[in-house]
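Since the structure comes first, as structure tokens, the remarks are kept for the end.
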Amino acid sequence: MTREGAAFEAGCVEAAPLLDVEGLSVRFGVTEAVSKIDLTLSPGQTLAIVGESGSGKSVTALAIMGLTPFADGHIAEGAIRFRTRDEGVIDLATLPEPKLRRIRGSEIAMIFQEPMTALNPVFTIADQITETILEHQGGSAREARAEALRLLKKVRLPDAEAMLDRYPHQLSGGMRQRVVIAMALSCRPRLLIADEPTTALDVTVQAQIMALLAELKEETGAAIIFITHDMGLVAETADDVVVLYEGKKVEEGRIDRLFATPSHPYTRMLLDAVPRLGEFNDTALPYRQPVTIMERGVARQVGETQVQDTVDRAAPLLVADKLTARFAVKHNVIGRATHLVHAAEGVSFAIHPGETLALVGESGSGKSTIGRAIQQLVRPTSGEISFDGQAYGAMTDSTRRALKRDVHSIFQDPLASLNPRRTVGDSIAEPIRIHGLLQGDAAILDRVQGLMAEVGLVPDHHNLYPHQFSGGQRQRICIARALAAEARLIVADEAVSALDVSIQAQIVQLLMRLQAEQGLSYLFISHDMAVVEKMAHRVAVMYLGQIVEIGPRQAVIGAPRHPYTQRLLASVPVPDPARRTTRSSDASEVPSAMRRVGDPPVQVQLVEVAPDHFVAGA
Amino acid sequence: MTYFVRRILALIPILFLTWSAVFFVFEAIPGDPVNLMLAGVPASEEVIANERARLGLDKPLMERYAMFLGRAAVGDLGDSFRTRAPVTEMILEQLAPTLQLAGAGLVVGLSVGLFLGVLAGLRPNTWLDTACTFTALAGSSLPSFWTGMVLIYVFGSILGWVPIVGTGLDALILPAIVTGLFIAGDFARLVRTSIIDASRQDYIRTARAKGLPPIKIIGKHALRNALIPPVTMLGISLSNLIGGAVVTENVFARPGLGTMLVDAVLNKDMPLVQALVVYTTAAYLVINLIVDILYGLIDPRIRHARAMT
Amino acid sequence: MTDISVPVVPTVASKRGVFVQLMRRPTSGVAIIILLVLVSFAVFAPWIAPFDPSRASVGPRLGGPDATHLFGTDLHGRDVFSRVVWGARYSLPVGLATLLLGLVAGGALGVALGYIGGRFDAVGARVVDVLLGFPAIVMAILVVSVLGVGLVKVVIAVAIADIPKFARVIRGATIVAKQNLFVESAVAMGARSSRVMFLHVLPTIMPTVILLGTLNLGGAILSTATLSFLGLGTQPPTPEWGTMLNDGRDYIRYAPWMMIAPGLALFLAIISVNLIGDRLSEIMDPRSRGRE
């Protein structure tokens, strides 16, 4: 399909495009990050650029903004034709820097992924918004401030007047992103580039921001380039999609066609790998599905379909009973604590051998704290944890140490959890050496290599260092380490959240296979409901340190009873363009878990609404 | 507001702790103060006992401790062994020239350091950066006493541009340069690193994306953040300055606390040494307080952090 | 910045690679050569020095530099050049010894504070901060006042004076190292404190410690020389550079060579060490190179 044809198919009124990128290639030193990319954008159109890490999607955005030289790159070839307001069509790729600067921020604006660091911490919100206005539009300081106020209201920030004089560190991630959006819109740009604007945000906040962007799109008529790896978000916002893989464009098209009939194998793989919430609603138990992987440009399927009937209901492996963890944060002059963060309040649950219990919640829900308490990294303020019928508190020191074998954690950042100075073989062997499970280097090496093969790594690579592996491979190394410890319960704390969607699917499949083969139990801590749905037997939803709903996966996800669970599920983006819903863009925030000493939160009571399905305050 | 009040109030317990430490360190020093005072002059038992009583040395430890703290607070730490004059008076006499030197040295050091550091930080990896970094390094590698002597030789003896001795303003030039160079080097390198760090932050990327001109990006966004680490280092720079002053006063034969300290140590004049330590530490703590306040003014995150430091 | 930057060179640099990189830049390359010259002075002093450094009247008193006496002669008619060459035997090892002593003592304290944490650290760190306030020179002078004068005493004094500085930096590094996820993982896996400390924490802070050492070696040499200059270190006729500068002080007008030569040697030693240290820190931490 020609470029003109694609634009025509997009059905826009003006045949003349707003942005016309032709044959763009960007290099960093000798590496070519983007190769000969073409794309067109019409006024008012939303184009999604999709890809995983290394696809070059962010690089393309930077190139359009003329920011590549500041990242030590350069545009090797190609044209970026942009239709300006008053000066006709210009080529941004060859435009000199002073002219680019006039366009940046005024006609083309960009918002980035990390709201926490995008704002300068030492200047007020008002200062940072007004400086764009003053730079591009002139005028008096008072006018600019009035405009800033108007913008803050437009992005639905509560208490906008007071917000003007606040500093970034006083705002939450979601609020900061709204400020960033306000800044970007301040000069009425015709093109807004959003580079993964919601990736760092909680899913409910993400939903709010996406709704906000949709509303603003309507109001301002700006064209949007939306860069993401999340097919669900693509389905919700885009008119057209461009798929990038390793710096090249592999597919493009209207959104419904792309989702319904993807032509390139990579697109198909991406769509296959995206967890779809609700697709398992009919089955009580999770089951494994084959995963599509890309090998040298060709897609193939690995794995089998298997129902995950692994739970041994006889006796629970781990029981948490009214677990409470509170941390002192603020102190008065003499050092006595004045405020406590109630990370966990009266949390109770049980995990059986061979079972996956998912602990779901957003940031501040306390789910990580529970994981750490089970792993003995945090001492609970009250409550008890029991393993194999023995309470932690009643254990001797040596039993407790041995427990650290039985319970093993894998974390969100596998690179950070491996010592960069030790070979992966040594890291995998660590639990063996700590607990003396095997004697002699030869025996240990043998076992390590066996484990590496089992998790899908090349055994001869045991002499390499962590930085030489990819993200997914590193997580496999961590899983191998858990197996080396002969753990019975694995606490997976956001273990797949930082991985590309296709890799995520592979790791989930690996975990499920190991569970079936070895009867492993998992405490799967995550904020990603769709991934949870794939592998959990039971789901517990946490809010402000308490469990608000717990029950079998089919019940909690298929027919949620608690309003928070419902809201959480409703916020998950659906990777199906035919099912777009409108959501609220209001900036309602999760209240803080910090309270004054002596003012503990009310303990919710769980009521059994269905067999084994408990809901708070029903 | 609470931040500033807290920091000021915190000064008292810290001062108390520090002075206690000084007291106990001096208690631990072997040697009988009275014998040291007499410095070999024979005296009868009775005289010794009298001196003891006069100095309060026969009282129990805790009582002497309390007396010490009380006296330090009001500024009466006894008399010098050598001159028999009250040590506080002696210190005050010599305070002015040392302060002059430290002040002038600070001005020289900060300006040179800032100049070199900013130039190097704005254009990293260019010949300008290498030149500035090298100069800064050379400055902090120069033994100040040698530099002093070389400068005296060149500017004093050969060229005769500035007087070598004396207490006037022009006699301050060479010593100030020498003391200043001492701290300029480290300061320049810290400024350079913090500018480079600040330039790599995400908010700089945002500022660029907003289309701001480079001068605003560096001059406003980067610089304000880049100043934070150097300001926190000011406290240490100042204590280095005092150390540098000791040497410089010696080389230029200027009167001052530095010369006084060395002489006091060589003469084993304990009360004077003790008094000097007591008041230098107090001065250091006050300076630290001022630095903390400055820091709070620059970085709003510190002002609003409610946790006790 | 996210997925845009060029992959960073891993900081686990090989030793050979480091040396090559040091020689690559002209500044550190020249510095290494200068340092080697000075070290050879120290090692081969008996063969390099033309005269006995302590022997008086080998030449005219306060004679200027000429063919026989490259750096002239001093007050007692001793050959300055020979004294400078022999001086390397005192000033260099003394500086090194001071640094090592301070680094080990301060490092042990810093690691203890950082690793043990809790109340021990809360109190200890405060004490260290207060001690940090004493100008090092003042502190060293104080220690000398208690111990007495002499080169060994100077070494101890300067080492003690430097302990707070090292302790603080190493404490900071230990705290950061402890927060690494792989350290937490090791604890979670059941590793004992000693294992965590020696296998995970110490190797992680080693580059910082080495860097700290190289960056402060120059300062240690300077501090010991300063104390000698003030008359608190070696006693005459030992040809230590600082003491020589003290001798030359009164004769700046008439015999400037007496102070120029040893001072120059001291300066060259310090600046070479500092240049190498600076370059080393650049190599080990790509951040400071600028755009990376």
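Within the stretch A:2-28, the set of residues being farther than 17 Å from residue A:238 by Cβ and either among the acidic types (Asp, Glu) or at pLDDT below 85 (or both) comprises A:2, A:3, A:4, A:5, A:8, A:13, A:14, A:15, A:16, A:20, A:22.
Of the candidates B:213, B:175, the single residue that is touching a Phe, Trp or Tyr at 6+ places or on another chain (Cβ under 7 Å) and either crowded, with 20+ Cβ neighbours inside 10 Å or without any contact (Cβ under 8 Å) to a residue 24 or more places away in the chain (or both) is B:175. As a summary of the residue check, residue B:187 satisfies the conditions (1) free of Cβ contacts under 8 Å to residues at least 24 places away in the same chain; (2) touching a Gly at 6+ places or on another chain (Cβ under 9 Å) except for the one numbered (1).
Of the helices (runs of 4 or more DSSP H) lying entirely inside the stretch C:126-218, those containing at least 1 residues that are buried (at least 23 other Cβ atoms within 10 Å of the Cβ) and at the interface with chain A (Cβ under 10 Å from one of its Cβ atoms) are C:181-189. Listed conditions (1) within 25 Å of residue B:297 (Cα to Cα); (2) more than 14 Å from chain A (Cβ to nearest Cβ) are all met by residue B:181, apart from (1).
Number of residues in the stretch B:204-259 that are more than 9 Å from every other protein chain (Cβ to nearest Cβ) and at positive phi: the value is 2.
Counting only helices (runs of 4 or more DSSP H) wholly contained in the stretch A:490-591, the ones carrying 3 or more residues that are polar (S, T, N, Q) and closer than 24 Å to residue A:292 by Cα occupy A:501-518. The lone criterion from (1) out of contact with any Pro (no Cβ under 6 Å at 6 or more places or on another chain); (2) at pLDDT 90 or above; (3) crowded, with 23+ Cβ neighbours inside 10 Å left unmet by residue A:146 is number (3). Can you find a residue in the stretch B:113-122 that is at pLDDT below 85, touching a helix residue (DSSP H, G or I) at 6+ places or on another chain (Cβ under 6 Å) and more than 9 Å from every other protein chain (Cβ to nearest Cβ)? Among the residues of the stretch B:113-122, not one is at pLDDT below 85, touching a helix residue (DSSP H, G or I) at 6+ places or on another chain (Cβ under 6 Å) and more than 9 Å from every other protein chain (Cβ to nearest Cβ), which makes the answer no.
Of everything in the stretch A:396-414, what is surrounded by 18 or more Cβ atoms within 10 Å (Cβ to Cβ), in a loop (DSSP other than H, G, I, E, B) and more than 7 Å from every other protein chain (Cβ to nearest Cβ)? Give them in sequence order. Matches in the stretch A:396-414: A:412, A:414. Of all residues assigned to the stretch A:356-366, at least one qualifies as being touching a Lys or Arg at 6+ places or on another chain (Cβ under 7 Å), of a type outside the set (Lys, Arg) and under 20 Å from residue A:404 (Cα atoms). Could you check the stretch B:275-299 and list, in sequence order, the residues that are within 15 Å of residue B:10 (Cβ to Cβ), within 12 Å of chain C (Cβ to nearest Cβ) and among the aromatic types (Phe, Trp, Tyr)? Listed by number, the list holds a single entry, B:284. Counting only residues that are within 14 Å of chain C (Cβ to nearest Cβ), surrounded by fewer than 22 Cβ atoms within 10 Å (Cβ to Cβ) and assigned to a strand (DSSP E or B), the stretch A:23-74 holds 5 of them. Checking each residue in the stretch A:162-183 for being farther than 21 Å from residue A:199 by Cα and in a helix (DSSP H, G or I) picks out A:162, A:163. One residue stands out among those in the stretch B:125-143 that are in a loop (DSSP other than H, G, I, E, B) and facing chain C (nearest Cβ under 7 Å): the one that is surrounded by the fewest Cβ atoms within 10 Å (Cβ to Cβ), which is B:125. The residues in the stretch C:230-242 that are at pLDDT below 85 and hydrophobic (A, V, I, L, M, F, W, C) can be counted, and the count is 2.
Checked against (1) in contact with a Ser or Thr (Cβ under 8 Å, 6 or more places away or on another chain); (2) within 14 Å of chain C (Cβ to nearest Cβ); (3) not hydroxyl-bearing (Ser, Thr, Tyr), residue B:146 passes all but a single condition, namely (1).
How many residues does the stretch B:129-158 contain that are closer than 16 Å to residue C:219 by Cα and touching a residue at least 24 places away in the same chain (Cβ under 8 Å)? Going through the stretch B:129-158 one residue at a time, the tally reaches 10. What pairs come up if the first residue lies in the stretch B:8-19 and is surrounded by 12 or more Cβ atoms within 10 Å (Cβ to Cβ) and at pLDDT below 80, the second is in a helix (DSSP H, G or I) and of a type in the set (Asp, Glu), and their beta carbons are under 8 Å apart, counting only those six or more places apart or on different chains? Cβ pairs passing all conditions: none.
Selection of the stretch C:42-55 for residues being without any contact (Cβ under 8 Å) to a residue 60 or more places away in the chain and surrounded by 15 or more Cβ atoms within 10 Å (Cβ to Cβ) yields C:42, C:45, C:48, C:49, C:51. Criterion applied to A:89, A:122 was being under 19 Å from residue A:167 (Cα atoms) and either at pLDDT below 90 or within 14 Å of chain B (Cβ to nearest Cβ) (or both), and the one residue passing it is A:122. If we scan the stretch A:378-394, do we find a residue that is more than 18 Å from residue A:525 (Cα to Cα), hydrophobic (A, V, I, L, M, F, W, C), modelled with pLDDT of 85 or more and part of a strand (DSSP E or B)? Scanning the stretch A:378-394, I find at least one residue that is more than 18 Å from residue A:525 (Cα to Cα), hydrophobic (A, V, I, L, M, F, W, C), modelled with pLDDT of 85 or more and part of a strand (DSSP E or B), so the answer is yes.
Rundown of residues vs (1) on the phi > 0 side of the Ramachandran plot; (2) polar (S, T, N, Q); (3) over 27 Å from the mean Cα position of the chain (by Cα), yes/no style:
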{"site": "A:86", "(1), (2), (3)": "no, no, yes"}
{"site": "A:94", "(1), (2), (3)": "no, yes, yes"}
{"site": "A:117", "(1), (2), (3)": "no, yes, no"}
{"site": "A:120", "(1), (2), (3)": "no, yes, no"}
{"site": "A:123", "(1), (2), (3)": "no, no, yes"}
{"site": "A:129", "(1), (2), (3)": "no, no, yes"}
{"site": "A:136", "(1), (2), (3)": "no, no, yes"}
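The single condition among (1) closer than 27 Å to residue C:137 by Cβ; (2) crowded, with 19+ Cβ neighbours inside 10 Å that residue C:85 does not satisfy is (1). Could you go through the stretch C:97-120 and let me know if any residue there is at pLDDT below 90, out of contact with any helix residue (DSSP H, G or I) (no Cβ under 9 Å at 6 or more places or on another chain), surrounded by fewer than 24 Cβ atoms within 10 Å (Cβ to Cβ) and not in a helix (DSSP H, G or I). No: the stretch C:97-120 contains no residue that is at pLDDT below 90, out of contact with any helix residue (DSSP H, G or I) (no Cβ under 9 Å at 6 or more places or on another chain), surrounded by fewer than 24 Cβ atoms within 10 Å (Cβ to Cβ) and not in a helix (DSSP H, G or I). Within the stretch A:345-355, at least one residue is under 26 Å from residue A:401 (Cβ atoms), in contact with a His (Cβ under 6 Å, 6 or more places away or on another chain) and not small (Gly, Ala, Ser). Picking from residues in the stretch A:415-471 that are in contact with a Lys or Arg (Cβ under 8 Å, 6 or more places away or on another chain) and of a type in the set (Gly, Ala, Ser), the one that is farthest from the other protein chains (Cβ to nearest Cβ) is A:456. Checked against (1) in a helix (DSSP H, G or I); (2) within 12 Å of another protein chain (Cβ to nearest Cβ); (3) without any contact (Cβ under 8 Å) to a residue 40 or more places away in the chain, residue B:96 passes all but a single condition, namely (2).
The values are calculated or read from the model by the stated rules, or taken from the named source; none is laboratory data. This structure is a prediction, so every number in the text was calculated from the model and none was measured. Quick reminder, even Gly has a Cβ in these numbers, built from the backbone with ideal geometry, and neighbours come from all protein chains shown.
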